[in-house]
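A short reminder: the numbers here are calculations on the coordinates, not readings from a lab. These numbers come from a predicted model, not from an experiment. Glycine gets a Cβ as well: all are built from the backbone with ideal geometry, and neighbour counts include every protein chain shown.
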Amino acid sequence: MSTDESTKTICPYCGVGCGISVRQGDEPGDVSFAPWGEAPVNEGRVCIKGGAATEVVDHEDRLTEPMIREDGDLRPASWDEALSRVVAEMEDIRDEHGPDGMGFYASSKTMNEENYLLQKLARRFGTNNVDNCTRMCHASTVYALRESLGAGAMTNSMADLRDEADVFWIQGANPGEQHPIANSQYFRQAVLDGATVIQVDPHANKTTESFEIEESDRHMHLQLEPGTDIPLLNAVLKTVLDNGWVDEEFVAERTEGIEDLRETLADFDKEAAAEECGVPLEDIERAAEAYATADNAAIFTGMGMSQHACGVDNVQNEINLALATGNLGRPGTGVNPLRGQNNVQGASDVGAMPNVLPGYQPVDDDEAREAVEDVWGFEIPSEPGLTNVEITHSVGDTVHGLYVMGENPVMSEPNADRVADLLDETEFVVVQDIFPTETVEYADVVLPATTWAERGGTVTNTDRRVQRMRGVEKVHEDTRHDLDILTEVGTRLFGEDAGFDFDGPEEVFEELREVCPIYHGMTYDALGEEGLHWPCYEPGDEGDQFLYADSFDTPSGRGQIEGVRHQPPRETPDDEYPLILTTARLEEHYNTGTMSRRSATLSRQHPENFVDVHPEDAERFGVADGDSVTLRSRRGEITLRANVTEAIKEGVVWTTPHFADASANVLTNDVLDERAKIPEYKAAAVDVTLA
Ligand code: SF4
């Protein structure tokens, strides 16, 4: 059956949540992109990824039938045989090792309903070992925001920031590359209308270019050394304190902890900090004045802040700045994490995390847990489970089986060669995906899923807007929707009446609403085409564009200020590894490249990986532009092309995790932030030699 009309859905790539349409021709595989002119976030505009998104739906590499590993090789199997094997292996692992012998990887690329059902399945199995890739991107941000303000999400919305912010402080984020439509349609528009932007990043990038607006001096770029975000923000905070730019009324009425901050910074040496950061002190002071004296100033925070062993403290210092200057609780302000994947916010909201149930209700809170148990009808384990990197690192110890839905840990986790070795040792791995990812090479059973374009459900974008996705007809008959696979696995494992027998995503969403207070007021009808921002507690609520108008969602109702001190990266340069590697993504690719490397349009832009090297370092190491070079860290090595450029600071090299034959994650450090368990992707010591 073909449809003449296009189907309105949401772009499957970044967290901006742009609406697009999918048109399906006479054959199911004949799918193409069409603009959705009235889409609420983007009004029809898309970046190169959104425009190319339909290219992978009928790609020749699609997994089209279940597979089972036999004598070392994967062979085709029926759904019944594959699912029987999955259920038998999971039961064996539970019998032999207990329920914590399994680990479940949820997916920030799949929908709320699917993530909700996967985490429910893990908990019904008897474990809280379930996590999604927020652990790899913003777990530290979520931790700091929840502890100090109340909710692990953007405090404000893109629309109120565009309309009301006078200053944007963008630290460790690159929206020009990672969130192109938010950057062009919201943030750059605000700067064109008179706002100032302060960018804090070791790398000059597309965000830098986008704000180089003719005849405007309203753009400052503080190009700091990787891992010096705390001293830089402490220099800013010291400047704020010394100049009397604290909002005393706001601090007295709505915060706690300013004295701790004053004590921490009492003897702080700004000159020494500026030198450590590699940024002139006068630039830091000018930026501090612009932010602190603005009517409304907003902070954007990205993975340059979160992906550190001190990630929680990095973000806490941004919260300190916002609270001390009274820049929270009204439009045009706040601390705003830009989320990377189209549903990383939603996967977390619906409970695909080891420490919280849907709606961020702590799993060790008896009252909250019992309320969810009443709906689900079974007992939920009360101890928080393992995070996804901890699950991987526990293989062979406490973890013996992995259920991987739409994730690619062999490429996405740091110290990738170690991850591959661990997966090789795992007793049983099931992978549910659309393509033969690098992780499929370690799978015992492969379950072929449908793509984003072929199914319906909801996703939650970076500013807490829940939107509906709608699917066209299935392209391959023998693939199944993630939700249907989970429904059948749950029913086979636990029985017909165990709460897994759902008839489509709307039925799942109705149950999700019951156990997730921040989504309780939403229905598919109410979401319509505009979507709704959470929190949306009761039917009829319009949802909150910005948070904390009256009080913070902390036990005291006050925002928590807490002074933090510099902690250098766990690896710093030495004679053997004299350079610091930092990593980031390209506009044209997406995380481990599972989809974007299969798009002809995107691959044409960047067919291979490269490393940015400063000209002084290039001379020091005998490297010329375009040379093939080997980057080596304590964990492994990759060979790629050198791009000699002044966009990167001297002493720092920069590359990406997108390419399987030369992924940055072979080199990155798997040390974790103690509280949030996020890895330190953003700083590793390396050397560079000619290949
Ligand atoms: Fe898709 Fe993000 Fe581009 Fe929008 S900005 S089209 S959501 S990748």
(request) Give me the distance in nm between label points sitting 7 Å out from Cα along the Cα-to-Cβ direction at Glu379 and Asp424, one decimal. (result) 4.1 nm
(request) Kindly provide the GluC sites (Glu not before Pro) of the stretch 47-82 that DSSP labels as loop, not H, G, I, E or B, and whose Cβ sees at most 10 other Cβ atoms within 10 Å. (result) Glu60
(request) Count charges around Ala77 for me, please; just the other residues with Cβ under 13 Å from its Cβ, Lys/Arg as +1, Asp/Glu as -1. (result) -4
(request) Could you please tell me the mean projected area of the C-alpha convex hull for the stretch 493-546, averaged over all directions and given in square nanometres to one decimal? (result) 4.5 nm²
(message) I'd like the GluC sites (Glu not before Pro) in the stretch 585-691 restricted to DSSP loop residues with at most 12 other Cβ atoms within 10 Å, sorted by number.
(response) Glu608, Glu646, Glu674
(request) Using R₀ = 56 Å, calculate the FRET efficiency as 1/(1 + (r/R₀)^6) where r is the Cβ-Cβ separation of Asp58 and Glu637; round to 0.05. (result) 0.95
(message) If I stretch the segment between Leu690 and Ser551 completely, what's the gain in nm (0.36 nm per residue apart, minus their alpha carbon distance), one decimal?
(response) 44.3 nm
(message) Can you compute the helix-only [θ] at 222 nm over the chain? Use -39500 (n - 2.57) per DSSP H run of at least 4 residues, normalise by all residues, nearest 500 deg cm²/dmol.
(response) -8500 deg cm²/dmol
(message) Restricting to bridges with both residues inside the chain, how much of the DSSP beta-bridge set is antiparallel, in percent to the nearest 5?
(response) 50 percent
(request) Could you work out the Rg to Rh ratio of the stretch 7-56, with Rh taken as the Kirkwood radius (inverse of the mean 1/r over all Cα pairs)? (result) 0.96
(request) Find out how many positive minus negative residues lie around Trp36, taking Lys and Arg as positive, Asp and Glu as negative, among other residues whose Cβ is under 13 Å from that of Trp36. (result) 0
(request) List the relative contact order of the stretch 155-337 as a percent without decimals, with contacts defined as Cα pairs under 8 Å and 6+ residues apart. (result) 34 percent
(request) Work through the residues other than Ser599 whose Cβ is under 10 Å from its Cβ and net out their charges, Lys, Arg +1 and Asp, Glu -1. (result) +2
(message) Expected output is a single nm value to one decimal: the length gained when fully extending between Glu248 and Glu530, i.e. 0.36 nm times separation in residues minus the C-alpha distance. What is it?
(response) 97.6 nm
(message) For a Förster distance of 25 Å, can you work out the FRET efficiency between the beta-carbons of Thr398 and Ser78, rounded to the nearest 0.05?
(response) 0.15
(message) Viscosity 0.692 mPa s, temperature 37 °C: what is the translational diffusion coefficient of the chain from Stokes-Einstein with a Kirkwood Rh over Cα pairs, rounded to a whole number of µm²/s?
(response) 129 µm²/s
(message) Can you tell me what percent of all Cα-Cα pairs in the stretch 579-690 are more than 16 Å apart?
(response) 58 percent
(request) Count neighbours as other Cβ atoms within 10 Å of each site's Cβ, and list the trypsin sites (Lys or Arg not before Pro) in the stretch 595-656 that are DSSP loop with at most 13 such neighbours. (result) Arg634
(message) Let's test this: bin the Cα-Cα distances of the stretch 155-337 at 10 Å from zero up to the farthest pair and state each bin's percent.
(response) 10, 41, 39, 11, 0
(request) Figure the gain on full extension for Glu367 and Glu510 (residue separation times 0.36 nm, minus the Cα-Cα span) and round it to one decimal in nm. (result) 49.3 nm
(request) Quote the relative contact order of the stretch 171-213 in percent (integer), defining contacts as alpha-carbon pairs under 8 Å separated by 6+ residues. (result) 55 percent
(message) Can you classify the stretch 478-611 as rounded, prolate or oblate using the Cα gyration tensor, where a ≥ b ≥ c are the square roots of its eigenvalues, rounded means a/c under 1.5, and otherwise it's prolate if a/b beats b/c and oblate if not?
(response) oblate
(request) Calculate, for Gln567 and Glu259, the FRET efficiency according to 1/(1 + (r/R0)^6) with r their C-beta to C-beta distance and R0 30 Å; round to the nearest 0.05. (result) 0.85
(message) Set the bar at 29 Å for Cα to Cα. Now go through Lys8/Lys109; Lys206/Lys682; Lys474/Lys677 and name every pair that lies beyond it.
(response) Lys474/Lys677
